[in-house]
Amino acid sequence: MNSIRQNRNKIYIIITLVALLLAVILLICYGTRRRTEKEEAAQAVTTKTEKEKKDKVLISVNTETIRDGLSDMGFLVTQEYYFTQVEKYTKEKNIFIVIPSTSGFMYSYDGAVMAGVDFGKIAVETNEAAKTITVDLPDSEIQAVTIDKDTFKIYSEKDSIWNPLKLEDYNISLVEFEDAARKKAVDSGILERSDKQAQTLVRNFIGSLPNTEGYTVEFQ
């Protein structure tokens with residue numbers, strides 16, 4: 001009888017030990033799983049934060065890259081107007097107050113009027129939510145009027161003895177010629193064409209940069 005009781009006690013002890021061992025194992029597994037879940041959650045938050053920071057930095061870098069790249073172009077000539085222009089210069093003077101005397105000549109030059117945009121004044125803004133890149137593009141302006149003085153031709157000339165033509169008259173005529181050429185170029189739409197060409201250059205430049213796919217370029 002004692003032998004049976006002793007065997008039974010041993011069985012109870014073994015069962016108790018096994019149960020305790022299983023409980024310890026379960027507690028260890030539970031603790032490990034909880035620790036892993038916390039680490040994964042913390043890693044997810046860190047990854048999300050780093051991604052948000054990276055995205056913000058990326059937008060800033062893109063904006064700076066666009067602005068710096070365009071500014072480096074300086075004043076860029078985007079349109080030219082070539083011409084052969086005929087003008088008339090007249091010099092009038094009254095002799096003895098009442099007698100008019102006129103001198104003058106008709107002449108022509110070949111030349112070009114150049115218009116462009118000061119890219120150094122460009123401002124750029126990026127809207128991540130709307131996927132837009134807004135470029136504040138300055139208006140085009142006439143940069144220069146160049147005249148090929150070797151092409152100077154005189155078609156007719158009237159030189160009064162009482163009102164002779166002088167070198168300064170030719171210089172004055174050249175200034176007037178440049179003003180007339182500038183006006184004709186503006187009337188022909190050179191500034192509008194220059195604006196469009198500048199916008200095309202900006203779009204192409206932005207499109208060549210990384211991470212700008214899917215963005216719409218707008219001008220103001």
- Query: Quick one: what pairs do we get from the range 133-157, first residue more than 27 Å from Lys88 (Cα to Cα) and without any contact (Cβ under 8 Å) to a residue 24 or more places away in the chain, second open to solvent by less than 70 Å² (accessible area, probe 1.4 Å) and not in a loop (DSSP other than H, G, I, E, B), C-beta under 6 Å, 6+ apart or different chains?
  - Reply: Pro138/Val117; Pro138/Asp118
- Hits in the range 64-79 - residues which are touching a strand residue (DSSP E or B) at 6+ places or on another chain (Cβ under 8 Å) and touching a residue at least 60 places away in the same chain (Cβ under 8 Å): Ile66, Leu70, Phe75, Leu76, Val77, Thr78, Gln79
- Within the range 201-220, can you find the residues that are open to solvent by 80 Å² or more (accessible area, probe 1.4 Å) and either in a strand (DSSP E or B) or in contact with a helix residue (DSSP H, G or I) (Cβ under 8 Å, 6 or more places away or on another chain) (or both)? Glu218
- Query: Can you name the residue in the range 166-200 that is part of a loop (DSSP other than H, G, I, E, B) and open to solvent by less than 60 Å² (accessible area, probe 1.4 Å) and, of all such residues, is farthest from Phe152 (Cα to Cα)?
  - Reply: Gly189
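The values are calculated or read from the model by the stated rules, or taken from the named source; none is laboratory data. Note that this is a predicted model, so its numbers are computed, not measured. Don't worry about glycine lacking a Cβ; one is built from the backbone with ideal geometry, like all the others, and counts go over all protein chains shown. With ligands, DNA and RNA removed, areas are computed over all heavy atoms of the protein, side chains included. Shrake-Rupley method; radii C 1.70, N 1.55, O 1.52, S 1.80 Å.
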